[in-house]
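J.: Sharing a structure, written as structure tokens. Questions coming.
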Amino acid sequence: MTQFLPWMALIYMAIVWGLSFSVAKLAVDLGGAPIGISFWSSAISGVCLLLYTWLRGRRLNFNRKDLKFFFLISMLGGVIPSVCFYYAARHVPAGVLAITVTIVPIATYGLSLLLKLENLSARRVTGILFGCAGIILLVMPDDSLSDRKEILWIVVACISSISFAIENVAIAVRSLDGIGPIRLSCGVSLLAALILGIIGLLTNNLFVITFPFDELSWAIILISIINVTAYTLFVFTIANSGPLFASQVGFLVTLSGIFWGVFLFGEQHSSWVWGSLITMLIGLMLVSPRHKAK
């Protein structure tokens, strides 16, 4: 039974992370302001991770010298991508949102290459080209999308993915000493919630979650549960089965996201969108690091 646990974890992550695109779209369709949704999902996720951290007997130890960098990571990995994502979710099908997420590892390698953090690889550079081709297939043909206005919001969704990629590179350049990935995610979520709360109050984009929960509140709670459980499981999968095995979830999440969009919203995609999906997945496969022989 033990040998099946990594695969069960992979399947769970694929299912729920893929579902998150549809739940995000549902939340904005129910009238939730993107900044407000981002605030509540960050706050609930941060509190859950903080409780988990305390139960493990750990503390969030951040040095003052790291505060500026931590603020930067919170903006890149919390505030900017979440707000962009929820604004895009209002206008873009869930399946298309799932495709744009494949940009994260592709852009991460491209930025790492520019900063000389990664060695030049013909295979991985080809992956970047496939990623660019996938975006072109998504936005350039006149009949690729049901509404050409979606192009602007696809760009916004891509900004979300690129922001995550910049965060990955920033952490690689200057990591926070003594802070594990769970505590880092906890701190990012809490600080992002603080920033989003201030922005939300100033722009009148916050709303109150009341009991009994309405449909919007349940959607936000579900998003938070997905974020906490899937990310925590992802970290443990890396620790127990290695990063190569865990990285396979990227392919499955995109496919799962498209499936949920079709199943829940009856989304129909043009041949260009399916072509973009295949092209992006090839790019993701090429960019992903190979397993090194022992």
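The values are calculated or read from the model by the stated rules, or taken from the named source; none is laboratory data. What you are looking at is a predicted structure, and each value in this text was computed from that prediction instead of being measured. Reconstructed Cβ throughout: ideal geometry from the backbone, glycine too, with neighbour counts over all protein chains shown.
J.: What is the one condition in (1) at pLDDT 90 or above; (2) under 22 Å from F85 (Cβ atoms); (3) surrounded by fewer than 19 Cβ atoms within 10 Å (Cβ to Cβ) that A193 does not satisfy?
T.: For A193, the exception is condition (3).
J.: Could you tell me which of the residues N205, N227 is among the polar types (S, T, N, Q) and in a loop (DSSP other than H, G, I, E, B)?
T.: On the way: N227 fails: in a loop (DSSP other than H, G, I, E, B).
Only one candidate passes the filter, namely N205.
J.: Right, next: In the range 231-262, how many residues are over 27 Å from H91 (Cβ atoms), modelled with pLDDT of 80 or more and small (G, A, S)?
T.: Residues in the range 231-262 being over 27 Å from H91 (Cβ atoms), modelled with pLDDT of 80 or more and small (G, A, S): 0 in total.
J.: Note down all Cβ pairs under 9 Å where the first residue falls in the range 152-169 and is within 19 Å of L115 (Cα to Cα) and without any contact (Cβ under 8 Å) to a residue 60 or more places away in the chain, the second is among the hydrophobic types (A, V, I, L, M, F, W, C) and assigned to a helix (DSSP H, G or I), and they're at least six residues apart or on different chains.
T.: Going by the 9 Å Cβ cut-off, the qualifying pairs are I162/I103; I162/V104; I162/A107; I162/L111.
J.: Then there's this: I need the full set of residues from the range 66-89 which are among the basic types (K, R) and within 22 Å of G134 (Cα to Cα), in order please. Full working, then the answer.
T.: First pass over the range 66-89, keeping only residues among the basic types (K, R): 68.
Correct list: empty.
J.: Enumerate the pairs (first residue in the range 117-136 and over 17 Å from G275 (Cβ atoms) and modelled with pLDDT under 90; second residue anywhere and among the basic types (K, R) and part of a helix (DSSP H, G or I)) with beta-carbon separation below 8 Å, excluding pairs fewer than 6 apart on the same chain, so at least 6 apart or on different chains.
T.: From the range 117-136, the pairs are E118/R124.
J.: Going through F39, F21 one at a time, which residue ends up being closer than 23 Å to N168 by Cβ, touching a residue at least 12 places away in the same chain (Cβ under 8 Å), touching a Gly at 6+ places or on another chain (Cβ under 6 Å) and surrounded by 16 or more Cβ atoms within 10 Å (Cβ to Cβ)?
T.: On the way: F39 fails: closer than 23 Å to N168 by Cβ.
From the options F39, F21, the qualifying one is F21.
J.: When residues of the range 152-175 are filtered for being modelled with pLDDT of 90 or more and not small (G, A, S), how many remain?
T.: The number of residues fulfilling the criteria is 9.
J.: If we scan the range 91-109, do we find a residue that is in contact (Cβ under 8 Å) with a residue 24 or more places away in the chain and more than 26 Å from S38 (Cα to Cα)?
T.: Keep residues of the range 91-109 that are in contact (Cβ under 8 Å) with a residue 24 or more places away in the chain, which gives 91-109.
Retained after the next criterion (residues that are more than 26 Å from S38 (Cα to Cα)): 109.
There is at least one residue in the range 91-109 that is in contact (Cβ under 8 Å) with a residue 24 or more places away in the chain and more than 26 Å from S38 (Cα to Cα).
Residue-wise test of (1) crowded, with 22+ Cβ neighbours inside 10 Å; (2) part of a loop (DSSP other than H, G, I, E, B); (3) hydroxyl-bearing (S, T, Y).
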| site | (1), (2), (3) |
| --- | --- |
| A219 | yes, no, no |
| L255 | no, no, no |
| F263 | no, no, no |
| H269 | no, yes, no |
| L284 | yes, no, no |
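J.: All but one of (1) of a type in the set (S, T, N, Q); (2) closer than 24 Å to Y52 by Cα; (3) surrounded by fewer than 20 Cβ atoms within 10 Å (Cβ to Cβ) hold for T203; which doesn't?
T.: (2)
J.: Of all residues in the range 146-159, count the ones that are assigned to a loop (DSSP other than H, G, I, E, B) and either touching a helix residue (DSSP H, G or I) at 6+ places or on another chain (Cβ under 7 Å) or farther than 15 Å from E267 by Cβ (or both).
T.: Within the range 146-159, the first condition is being assigned to a loop (DSSP other than H, G, I, E, B), and the residues that meet it are 146-149.
If we keep only those that are either touching a helix residue (DSSP H, G or I) at 6+ places or on another chain (Cβ under 7 Å) or farther than 15 Å from E267 by Cβ (or both) as well, we get 148-149.
Residues meeting the conditions: 2.
J.: Give me a count of the residues in the range 67-106 that are of a type in the set (S, T, Y) and within 27 Å of T126 (Cβ to Cβ).
T.: 2
J.: Hey, among A107, A122, A88, which residue is closer than 25 Å to G46 by Cα, of a type in the set (A, V, I, L, M) and out of contact with any strand residue (DSSP E or B) (no Cβ under 8 Å at 6 or more places or on another chain)?
T.: A88
J.: What about M8, is it surrounded by fewer than 19 Cβ atoms within 10 Å (Cβ to Cβ), hydrophobic (A, V, I, L, M, F, W, C), out of contact with any Asp or Glu (no Cβ under 8 Å at 6 or more places or on another chain) and farther than 19 Å from L190 by Cα?
T.: Details: surrounded by fewer than 19 Cβ atoms within 10 Å (Cβ to Cβ): yes; hydrophobic (A, V, I, L, M, F, W, C): yes; out of contact with any Asp or Glu (no Cβ under 8 Å at 6 or more places or on another chain): yes; farther than 19 Å from L190 by Cα: yes.
Judged against the criteria, M8 is a match.
J.: I would also like to ask the following. What are the residues in the range 206-217 that are among the hydroxyl-bearing types (S, T, Y) and surrounded by fewer than 16 Cβ atoms within 10 Å (Cβ to Cβ), if any? Give the derivation first.
T.: Of the residues in the range 206-217, the ones among the hydroxyl-bearing types (S, T, Y) are 210, 217.
T210 - this is the single residue of the range 206-217 that is among the hydroxyl-bearing types (S, T, Y) and surrounded by fewer than 16 Cβ atoms within 10 Å (Cβ to Cβ).
J.: Pairs needed: first member in the range 171-182, farther than 10 Å from L60 by Cα and surrounded by fewer than 16 Cβ atoms within 10 Å (Cβ to Cβ); second member anywhere, of a type outside the set (K, R) and at pLDDT below 80; C-beta distance under 7 Å; at least 6 residues apart or different chains.
T.: P181/V235
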